[in-house]
Structure formats: C-alpha cells, structure tokens
Amino acid sequence: VQLQAFGGGLVEAGGSVRLSCAASGRNFRADTVAWFRQAPGKERKFVAAIRYNGHVTYEESVKGRFTISRDNAKNMGYLQMNSLRPEDTAVYYCAADSSVILSNIRSQSAYANWGQGTLVTVSS
C-alpha cells in the first residue's frame with residue numbers, strides 16, 4: 001500500500017491541525033494505521049495508532065489532545081491535533097501494516113509502509 005500524508009502547516013500554540021493519510025494500491029482495512037513524528041534534531045517517535053478493530057493507542061504526551069481515526073471506505077487515516085504546543089513541532093509520518101500486534105504497535109520496525117511526512121510547525 002502506498003501512503004501519502006498531508007495537512008501540515010504553521011499554527012499558533014493552542015491551535016488545531018488535522019493531518020490526513022491517503023492510502024492507495026489496496027484497501028487497508030486490515031492494517032494498523034499509525035502516526036510517528038520527528039522533531040528537528042531528534043529521532044522519529046511514536047504518536048498514535050489505530051488497529052483494524054478501532055483500538056487506539058497514544059503516546060502519553062498527546063493523550064487528551066490528539067485523536068486518531070480512520071475511514072476504511074475512503075482508505076483514509078486521520079490525526080486531529082488540538083491544543084498544540086511548540087514541542088509538537090515535527091515532521092509527521094503515517095505508517096500502516098497488517099502484521100502489527102499490540103506488543104509492537106509503538107515500534108517503527110513493525111510498519112512496512114510509510115508516507116513521505118508532513119511538517120507541522122507550532123509557533124509560541
């Protein structure tokens with residue numbers, strides 16, 4: 001499956017952005033869809049994931065602020081980001097894989113399919 005992430009941009013602290021992840025090539029209803037982010041000068045890290053059955057997992061610092069969702073009929077994944085902070089500034093990547101299990105859901109190596117990334121910049 002090919003993935004394309006979009007929707008990033010410049011937003012003020014406290015603002016909101018919705019990222020989208022468009023999948024093509026096949027339907028990804030059986031995949032876990034995840035978002036990772038890479039801040040400037042730092043390693044890429046897990047943000048959130050949603051399994052085929054709707055089960056969601058979040059990184060601790062985004063709980064209550066970010067919401068991950070998916071629309072299997074449209075082959076789309078989403079990340080709604082509210083109450084944004086300057087430390088949320090990063091390139092955000094979507095990823096998908098049908099073999100992800102709960103024990104590796106936060107691991108980059110569990111995902112074979114990646115989008116190109118979209119930059120979110122949060123100004124203070």
Handout entry: Extended-chain gain in nm, criterion 0.36 nm per residue less alpha-carbon gap, Ala22 and Phe6
Key = 4.9 nm
Practice task
Compute the Rg/Rh shape ratio of the chain: radius of gyration over Kirkwood radius, all on alpha-carbon atoms.
Solution key: 0.94
Practice task
Consider all pairwise Cα distances in the range 52-124 and report the whole-number % of them above 18 Å.
Solution key: 46 percent
Problem - Carbon plus sulfur fraction of accessible area for the chain, probe 1.4 Å, in percent - result: 48 percent
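The range 19-80: which GluC sites (Glu not before Pro) are DSSP loop and have at most 12 other beta-carbon atoms within 10 angstrom?
Numbers: sites: Glu43, Glu59, Glu60; in loops: Glu43, Glu59.
Counting only loop positions with at most 12 other Cβ atoms within 10 Å, the GluC sites (Glu not before Pro) in the range 19-80 are Glu43.
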Problem - Gain upon complete extension [Lys45, Gln116; 0.36 nm per residue less C-alpha separation] - result: 24.1 nm
Exercise for the section: Kindly give Rg over Rh for the range 82-121, based on alpha-carbon atoms, with the Kirkwood expression for the hydrodynamic radius. Expected result: 1.07
Handout entry: Cβ-Cβ FRET estimate between Ser124 and Val56, R0 fixed at 30 Å, reported to 0.05
Key = 0.55
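For the chain, what's the relative contact order in percent, using C-alpha pairs closer than 8 Å and at least 6 residues apart? Please list the in-between numbers first.
Numbers: 303 pairs, mean separation 45.6, N = 124.
It rounds to 37 percent for the chain.
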Problem - Förster radius 35 Å - calculated FRET efficiency between Ser109 and Ala73, Cβ distance, rounded to 0.05 - result: 0.75
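The values are calculated or read from the model by the stated rules, or taken from the named source; none is laboratory data. Given the structure is predicted, the values throughout are model-derived calculations rather than measurements. Methodologically, a virtual Cβ is constructed for each residue, glycine included, from the backbone with ideal geometry; neighbour enumeration extends over all protein chains shown. Side chains included, ligands, DNA and RNA excluded: accessible areas come from the protein's heavy atoms. Shrake-Rupley method; radii C 1.70, N 1.55, O 1.52, S 1.80 Å.
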